[in-house]
Amino acid sequence: MQCVVGGKTALRAVAAAMALAASAACSSTPADTASPSATVRTEPPTTTTTNPYAVPEVIDVAYVNRVLAGLDAAVGDVTRMVVRTRTIPREAYDRLRAIYATDDSLQLAIDILQRDIRRNLMGYSSNPGNQVSTVVHIITGKASCVFAQIRRDYSAIGPGASTTSDRNWVALRRLDPSRDIDGYNQAGWSIAYEGFPPDRSEPSDQCVG
């Protein structure tokens, strides 16, 4: 019996010694307490904003299509406003002025809308979509002026609209900020000419002269 008790006593002594050693290993020494913890500084991620309408070195079809899509969306906003109010409110006029480069091209767009209002907006849906303009051929592509043959699809505007032929042309000029003081036109270009001559022939280059 004495040997058994003695064995238990020895085991307890070993366990106590191991616990004491572990406690000493986990405790901080004065040198550890004085050492500051290392920190890693993280910089906020940088973001790069690219303007999709910034003028590239080469005016290509993809760029002009992007500009035309922006202008089509701006025209669509006006169309929906006109359909909703059945008139051309001041904001619609200001938006059109930002889209069209000259007073003549602006007046032509207003005349067409007024004609459609007189016809009770026949053929328009209650929530029309955007016309879709696509480049067929770039005739002149400069940083200040673009003249191109386009295809224009009006089918999203309503059941009375249809896809036009490829024989349409558009001339774009860089937007005059004085015509868009409210920032309606995000495309950075405005329409100086659109359509076709009565005989459907190719018009003269609107970027010449």
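The values are calculated or read from the model by the stated rules, or taken from the named source; none is laboratory data. Here the structure is a predicted model, which means the values were calculated and not measured. Areas reflect the complete protein model, heavy atoms only, side chains present, ligands, DNA and RNA absent. Shrake-Rupley method; radii C 1.70, N 1.55, O 1.52, S 1.80 Å.
General remarks:
- Residue match in the stretch 145-152 (condition: charged (D, E, K, R), in a loop (DSSP other than H, G, I, E, B) and open to solvent by 50 Å² or more (accessible area, probe 1.4 Å)): no
- Among the conditions (1) open to solvent by 50 Å² or more (accessible area, probe 1.4 Å); (2) outside any strand (DSSP E or B); (3) under 22 Å from residue 97 (Cα atoms), the only one that residue 193 does not satisfy is (2).
- Residue list for the stretch 166-190, restricted to those being of a type in the set (Ser, Thr, Tyr) and open to solvent by less than 50 Å² (accessible area, probe 1.4 Å): 190
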